[in-house]
Amino acid sequence: MKRGTKYGFSLRGLKAGDSNAWSWLVAEFSGKLVGYATRMGARDPEEVMSATLETIASRIADFEGNESQMRSFIFSIAHARIVDDLRRTTRRTEVSIENTLNLLEADEPNEDTFTDPDLLDALGRLPEEQRRMLELRYVMGLSTKETADAIGKSEVATRVGLSRAFARLKDLLIDDLRVDAGQEVSS
């Protein structure tokens, strides 16, 4: 993929409103944004993708960086749109604990484990920074460096933060499973 041309990332082209640069951005990220929003439980993933692209268009003039930083920028915006969407959502769906148990057995989460409503609930109880790190790294698939750039921390601090966030998430899920088991026994 050539950089700086209609075939790839061109910040200059995006800022100038070049249709080829914007076509590349939409083709490169729209499916990923819809997938991320879907996995995170957004009511309308297509709307999240659209709102994200709209925000990018309005803020691109102020952005400076390379393609990796652009990915972090895009998914930071998407994360904010998904949080907005989830805050508007109040319904709770039926739950299967299969993904939760898979997560508890894993050394690290992967994008498939982030579809379980119990897991999303536990994520919601993490501090915002820990939740955001886990989502960017394991759901969006950003590298640790890209995640660090997106949250404004060093790569080392991000690795430590991810480890602590994952451990805390496991603790929350184990506590939830214990409570659910206790409720079933007493029923």
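Only the coordinates and a few stated rules stand behind these numbers; no lab work does. Please read these numbers as outputs of a predicted model, since none were measured by experiment. Glycine gets a Cβ as well: all are built from the backbone with ideal geometry, and neighbour counts include every protein chain shown.
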Here FRET efficiency (C-beta to C-beta, Ala57 to Ser154, R₀ 41 Å, nearest 0.05) is 0.85
When Val26, Val48, Val34 are arranged by how many other beta-carbons sit within 10 Å of their Cβ, fewest first, they go Val26, Val34, Val48
If each part is reduced to its alpha-carbon centroid, segment 9-67 and segment 116-161 end up apart, in Å, by 20 Å
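For segment 16-87, state which trypsin sites (Lys or Arg not before Pro) are in a DSSP loop and have at most 13 other beta carbons lying within 10 Å of their beta carbon.
On the way: sites: Lys32, Arg39, Arg43, Arg59, Arg71, Arg81, Arg87; in loops: Arg43.
When the trypsin sites (Lys or Arg not before Pro) of segment 16-87 are filtered for loop state and at most 13 Cβ neighbours within 10 Å, Arg43 remain.
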